[in-house]
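Encoded as structure tokens, the structure appears first; notes follow it.
Any read-out appearing in this document is the output of simple, stated calculations on the displayed coordinates, not a laboratory observation. Quantities reported herein were computed from a predicted structural model and do not represent experimental measurements. Neighbour counts are summed over all protein chains in view; Cβ atoms, including those assigned to glycine, are modelled from backbone coordinates with ideal geometry.
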Amino acid sequence: QIEAEANRLKEEAEQAIENGCRALLTQANGLLSDVKDHLREKRLVEARVGLSEVKDLLEEMTTLGGKCPDLIASDVHFVDAALRADEEQWQLDENLLRGVHSVPEPDG
């Protein structure tokens with residue numbers, strides 16, 4: 001009887017973890033959709049914040065024992081790369097602008 005009760009509790013715990021992972025995944029997927037919208041609209045601050053939240057949710061899910069689906073993992077990687085590329089472009093533009101402003105005036 002004790003073994004049956006232990007098995008029942010184990011099954012309940014596994015079901016709770018599965019439900020928790022599913023809820024986290026649903027939340028992460030919805031948020032990732034918003035992040036992609038922000039990226040398309042060039043709202044990069046919102047995209048970065050959202051991506052960070054998505055990563056936190058996915059990390060929480062894997063901590064519970066869930067596995068991140070490949071499609072979501074690849075979307076996260078794509079958005080991360082796009083934001084990094086945009087940041088690098090911004091930095092390049094900023095450096096070019098600074099370079100333009102620091103050109104010495106010709107002596108004439």
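For segment 53-84, filtered to residues that are more than 20 Å from Cys21 (Cβ to Cβ) and among the small types (Gly, Ala, Ser), the residue that is surrounded by the fewest Cβ atoms within 10 Å (Cβ to Cβ) is Ala81. Taking (1) assigned to a helix (DSSP H, G or I); (2) surrounded by 15 or more Cβ atoms within 10 Å (Cβ to Cβ); (3) of a type outside the set (S, T, N, Q) in turn, Ala13 satisfies each apart from (2).
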